[in-house]
Amino acid sequence: MSVALDESGVVWAWGGGGRNTLFSVDGGVPDRRLPTPIHGLPRIVRISASPAVIAGIDEQGRLWTVGYGLESGRAPSVSAKPEKLTGIVPLPAKAVDVDLGGFGMAIVLLENGQVWTWGHNSSGQLGLGHRQASATPVRVESISRIRAIRAFGEYALALTDDGDLLYWGGLYYEGGIGFHEIARHNIVSPAVLQRGTRAVELAAGGADFAYIDENGSAWYFGRNREGERGTGRASEKYNRKFVLTPQKSLWSR
């Protein structure tokens, strides 16, 4: 499923609508080959999506979800009708960012720097100090003053106001073989991966993650089997050790 947000604040969705997707709940349509507007939402300014859920932040900083599954933030979560998430769990500040990039989990950043998570938690990807899933948002109490978030698979990243890069969860690739030391035991609470990054933007992927600093340079953490680091080299053999030290890409400023 693909989603888009137009300049008028309308959310559109199209593509696969199989058994475990949003469209399978919304009328059981097996496939939508043309963009379809999601009705019932206010004017949205930011979106994120998983195969079964779309999340949107409106102009007032309220968080909405449509779909089903644990990442919808509703319990029981079986609905295709838009529902205001803040009506389920009162959030103490406006939402400024949301990411459903994790497998069945969601993470939201509030205006006051707090981070809230919910969904599946088998690898500690909610950052709550345990591995119990949550159908409704819970604050990650151990961190504050956060200004950026990202999630993918079974891990999440956060960036503090001081530029510290935080990590929690489990990072896997190649069928779960070859995960690095920090992820091997599944970090269930946020840990500092690098201090003072001067990062302004985060990106997360299946076997790697990166950030762009205030000078426009890109820095990469991860494997390099196929030249993912962008340094002009690729590892000749598959290396199970995940590179913890960031490397600067050639196309950086």
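The values are calculated or read from the model by the stated rules, or taken from the named source; none is laboratory data. None of these values were measured; they are calculated from a predicted model. As a convention, Cβ positions derive from the backbone with ideal geometry for all residues, glycine included, and neighbour counts pool all protein chains shown.
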In region 124-139, anything surrounded by fewer than 23 Cβ atoms within 10 Å (Cβ to Cβ) and in a loop (DSSP other than H, G, I, E, B) is listed as L128, G129, H130, R131, Q132, A133
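Please tell me if G69 is at pLDDT below 80, at positive phi and small (G, A, S).
Details: at pLDDT below 80: yes; at positive phi: yes; small (G, A, S): yes.
Here the answer is yes, as G69 does meet what is asked.
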For A158, the lone unmet condition from (1) assigned to a strand (DSSP E or B); (2) modelled with pLDDT of 95 or more; (3) surrounded by fewer than 21 Cβ atoms within 10 Å (Cβ to Cβ) is (3)
Selection from region 168-196 of residues in contact with a Pro (Cβ under 9 Å, 6 or more places away or on another chain) and modelled with pLDDT of 90 or more yields W168
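Within region 74-93, can you find the residues that are closer than 16 Å to I47 by Cβ and either among the basic types (K, R) or at pLDDT 75 or above (or both)?
If we filter region 74-93 for residues that are closer than 16 Å to I47 by Cβ, which is where we start, we get 82-85.
K84, the sole residue that qualifies.
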